[in-house]
1. Just the residues that are within 19 Å of residue B:168 (Cβ to Cβ) and in contact (Cβ under 8 Å) with a residue 24 or more places away in the chain, please, taken from the range B:108-125.
2. Specify the residue that is nearest to residue B:98 (Cα to Cα); the eligible residues are those in the range B:176-199 that are free of Cβ contacts under 8 Å to residues at least 60 places away in the same chain, more than 9 Å from chain A (Cβ to nearest Cβ) and in contact with a helix residue (DSSP H, G or I) (Cβ under 7 Å, 6 or more places away or on another chain).
3. Only one of B:236, B:163, B:168, B:203 is within 7 Å of another protein chain (Cβ to nearest Cβ) and on the phi < 0 side of the Ramachandran plot; which?
């Protein structure tokens with residue numbers, strides 16, 4: 001009985017630890033993805049503005 | 001006579017000693033030198049690593065091929081005709097659609113239950129742009145939240161974090177698809193503008209006008225170059241994570 005209790009509590013704590021590790025990994029990747037996505041959005045907007053300027057400067061169809 | 005008997009018994013003892021020494025060394029060899037086993041494990045690990053790298057490279061190549069294919073198709077192709085299996089619809093811009101890009105880009109988000117290609121991987125609830133909805137439905141995703149899982153293997157926090165994680169990946173992928181389309185369009189416009197600048201120079205346009213146009217082209221070139229770099233970083237970060 002004692003062995004059973006010990007085994008189940010050990011496996012539970014192992015799962016908890018594994019979960020914690022996975023959560024940490026997911027959090028850090030999420031953060032990196034978010035930062036890159038924001039940068040990408042910002043730079044895309046700069047390109048869009050530069051394209052608008054180009055549109056004004058080159059009125060002909062190019 | 002006695003000496004001969006003694007010699008024989010000594011020989012026998014020596015033989016026994018030698019035999020037990022051989023057995024002992026054999027036992028010690030098997031107990032303390034598991035190199036062969038390690039080697040085979042190492043070999044297996046190397047093979048797995050190789051396969052993993054191959055898969056990653058395959059993913060990168062797939063994304064590159066998709067990009068190349070889009071480039072080859074021509075920029076004026078209608079978005080509606082582009083019915084490939086890309087998860088996020090690719091946009092193809094021309095001067096008219098580019099003016100209305102915000103209407104096309106900022107479509108409503110739809111909540112879906114995303115299923116993975118990998119076996120035994122639990123589905124996740126994510127938001128997708130309605131532009132990307134069709135591609136998701138084609139590979140078996142369904143509209144709405146995923147059903148609550150009955151087994152308690154994972155905690156609620158874990159499940160919530162997992163949904164957030166994959167949702168972030170999806171938003172990243174959608175941004176990459178959009179930025180890539182703007183990049184493709186900008187590259188086409190740059191090439192055309194350079195040609196037009198040369199024509200203006202040949203037609204003796206005033207130098208001040210040409211310089212102003214050159215500055216605009218240069219500004220776009222610099223921004224495009226930076227955008228290319230950031231797209232590269234984003235693709236490396238996202239590749240194969242949402243399959």
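Since every read-out is calculated from the coordinates, none of them should be taken as a lab result. As the structure is a computational prediction, the values presented were derived from the model and not from experiment. A quick note on method: Cβ atoms are made from the backbone with ideal geometry, for glycine too, and the neighbour counts reach across all protein chains shown.
1. Residues satisfying the conditions are B:110, B:111, B:112, B:113, B:114, B:115, B:116, B:118, B:122, B:124, B:125.
2. Applying the filter and picking the extreme gives B:187.
3. Details: B:236 fails: within 7 Å of another protein chain (Cβ to nearest Cβ); B:163 fails: within 7 Å of another protein chain (Cβ to nearest Cβ); B:203 fails: within 7 Å of another protein chain (Cβ to nearest Cβ).
After ruling out the rest, the residue left standing is B:168.
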